[in-house]
Amino acid sequence: MKNTKVEDKNTELVSILSKQFEGKVNLARIKFISMFICALCKVQTVGFEKLANAFDSVSDSTSSLRRIQRFIAEYSLNSNLVAQLIFKLLPEKESLCLSIDRTNWKFGKTDINIFMLGVCYNGVAFPLLFTMLKKRGNSNSQERIDLIKRFVKLFGRECIESVLADREFVGDEWITFLNDNKIPYYIRIRNNFKVFIPHKNKELKASWLFNATGINEFIHYQKIIRIGTQLCYLSGCKLKNKKGKPEFLIIISFNKPDQAQAFYKQRWQIETCFKAMKTSGFDIEKTHLQEIDRIEKLILLVMIAFVWCYKVGIYLNLFVKPITIKKHGRKAQSIFKYGLWSIAKLLLNKMSVDKIDVFSFLSCT
């Protein structure tokens with residue numbers, strides 16, 4: 001049988017990433033990153049043994065495993081470089097809605113707690129920046145401020161249309177920072193959160209202002225209010241929870257309170273991102289890593305793979321074959337999964353020929 005050398009399908013990916021990193025990462029590391037990302041799309045898990053078996057390398061799987069272990073243990077992967085790469089790949093770079101949230105799990109006695117900022121787009125947030133919280137529980141105001149400052153330093157203030165966050169992301173110092181820097185925000189607060197009404201010189205529970213609203217009727221309070229030391233606007237509506245009981249969705253904002261609900265609805269897109277990185281995609285919760293710096297490197301590699309799959313899925317859905325919409329109105333599969341399966345099919349079948357160049361989706365040209 002003739003031993004014909006099959007052209008490595010990640011060669012083009014190496015070339016593209018070399019251009020994207022602009023000489024700031026050496027070629028050997030770029031080759032490793034390319035093989036790792038391709039292997040990740042094939043096996044769809046972060047288990048090192050499975051990844052090593054999927055490496056397109058002349059070396060055996062034992063050597064590939066040691067290579068993965070050395071990279072994760074020793075190499076310093078610049079998270080800003082990865083963020084800049086992902087930012088260049090964003091379909092839109094202006095009027096960005098930034099959603100912040102946490103995802104966490106426990107491995108043994110180790111708490112893995114990731115505080116992430118993503119850019120909302122078409123149903124899923126592009127993961128861009130994150131902080132590994134060396135603790136259980138929520139981020140504090142300074143950690144939130146530092147993450148936004150990092151975004152502004154890398155990409156500028158002018159591209160931010162809004163910051164979106166759920167109920168755990170409140171705090172006087174945090175809201176003061178957003179107000180002082182004129183960064184628009186739409187942040188949900190708890191029903192029993194105390195607000196001060198200046199024109200009435202009265203403090204009361206936020207939900208009291210929306211008691212008279214009908215179910216699904218969204219209104220914004222006509223007067224400016226104060227939470228802590230900060231002035232802001234208040235919007236809200238009354239909903240029915242899964243048990244059929246009424247509950248409130250109450251949002252504080254820097255401006256445009258009449259648009260608060262529309263903006264805030266995009267917040268969930270970062271949760272879809274987490275789901276794709278976890279159970280619906282790359283299974284990052286299955287990592288046995290416990291050292292924070294090593295987990296950080298793993299997540300950076302997963303982020304690149306995620307964005308690749310997402311961009312391929314967007315293109316396929318728009319220009320090749322739209323995702324089927326089922327009778328209940330939901331898509332048969334997510335855009336991310338569409339892209340992931342298409343990439344995996346190409347990489348796993350050496351004889352397959354795709355109608356599109358999937359590797360080009362990690363290029364900005």
Can you name the residue in the stretch 191-204 that is over 14 Å from ILE252 (Cβ atoms) and in contact (Cβ under 8 Å) with a residue 12 or more places away in the chain and, of all such residues, is nearest to the chain's Cα centre (by Cα)?
ASN192
Of all the residues that make up the stretch 38-63, how many are within 14 Å of LEU298 (Cα to Cα) and aromatic (Phe, Trp, Tyr)?
1
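Please list, ordered by residue number, the helices (runs of 4 or more DSSP H) wholly in the stretch 254-365 having 1 or more residues that are over 14 Å from the mean Cα position of the chain (by Cα), within 19 Å of CYS120 (Cβ to Cβ) and without any contact (Cβ under 8 Å) to a residue 60 or more places away in the chain.
260-264, 292-315, 335-348
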Applying the selection to the stretch 29-56, what residues are among the small types (Gly, Ala, Ser) and within 25 Å of the chain's Cα centre (by Cα)?
SER34, ALA39, GLY47
Only residues that are of a type in the set (Lys, Arg) and within 23 Å of VAL46 (Cα to Cα): list them for the stretch 9-35, please.
LYS9, ARG29, LYS31
Kindly list the number of the only condition in (1) out of contact with any Pro (no Cβ under 8 Å at 6 or more places or on another chain); (2) surrounded by 13 or more Cβ atoms within 10 Å (Cβ to Cβ) that fails for ILE314.
(1)
Run down ILE68, ILE100, ILE112 and say which single residue is closer than 30 Å to GLY23 by Cβ and of a type in the set (A, V, I, L, M).
ILE68
Only one of ALA83, ALA28, ALA52 that is touching a strand residue (DSSP E or B) at 6+ places or on another chain (Cβ under 8 Å) and among the small types (Gly, Ala, Ser):
ALA83
Name the pairs whose Cβ atoms lie under 7 Å apart, with the first residue in the stretch 137-156 and farther than 19 Å from SER95 by Cβ, the second in a helix (DSSP H, G or I) and of a type in the set (A, V, I, L, M, F, W, C), and 6 or more positions between them or separate chains?
SER141/TRP174; ARG144/TRP174; ILE145/TRP174; ILE145/PHE177
Being free of Cβ contacts under 8 Å to residues at least 60 places away in the same chain, surrounded by 15 or more Cβ atoms within 10 Å (Cβ to Cβ), farther than 21 Å from CYS120 by Cβ and of a type in the set (Lys, Arg): is that true of LYS245 here?
no
Check THR229 against each of (1) under 15 Å from TYR264 (Cβ atoms); (2) in contact (Cβ under 8 Å) with a residue 40 or more places away in the chain; (3) surrounded by fewer than 15 Cβ atoms within 10 Å (Cβ to Cβ) and name the one condition it does not meet.
(1)
Those residues that are over 23 Å from ARG190 (Cα atoms) and in contact with a strand residue (DSSP E or B) (Cβ under 8 Å, 6 or more places away or on another chain), I need them from the stretch 155-169; list them, please.
CYS159, ILE160, GLU161
Out of (1) touching a residue at least 24 places away in the same chain (Cβ under 8 Å); (2) touching an Asp or Glu at 6+ places or on another chain (Cβ under 8 Å); (3) not acidic (Asp, Glu), what's the single condition that is false for THR131?
(1)
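Quick one: which residue in LEU89, LEU51, LEU40 is surrounded by 15 or more Cβ atoms within 10 Å (Cβ to Cβ) and over 21 Å from ASP283 (Cα atoms)? Steps first, please.
Numbers: LEU51 fails: over 21 Å from ASP283 (Cα atoms); LEU40 fails: over 21 Å from ASP283 (Cα atoms).
After applying the criteria, what remains is LEU89.
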Return the only residue of VAL124, VAL119, VAL82 being out of contact with any helix residue (DSSP H, G or I) (no Cβ under 7 Å at 6 or more places or on another chain), in contact (Cβ under 8 Å) with a residue 24 or more places away in the chain and surrounded by 19 or more Cβ atoms within 10 Å (Cβ to Cβ).
VAL119
Of all residues in the stretch 278-300, which are surrounded by 23 or more Cβ atoms within 10 Å (Cβ to Cβ) and in contact with a Phe, Trp or Tyr (Cβ under 6 Å, 6 or more places away or on another chain)?
none
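Each value in this text was obtained by applying a stated rule to the coordinates, not by laboratory testing. All figures in this text were calculated on a predicted structure; none of them were measured in a lab. Please note: Cβ atoms are built from the backbone with ideal geometry, for glycine as well, and neighbour counts cover all protein chains shown.
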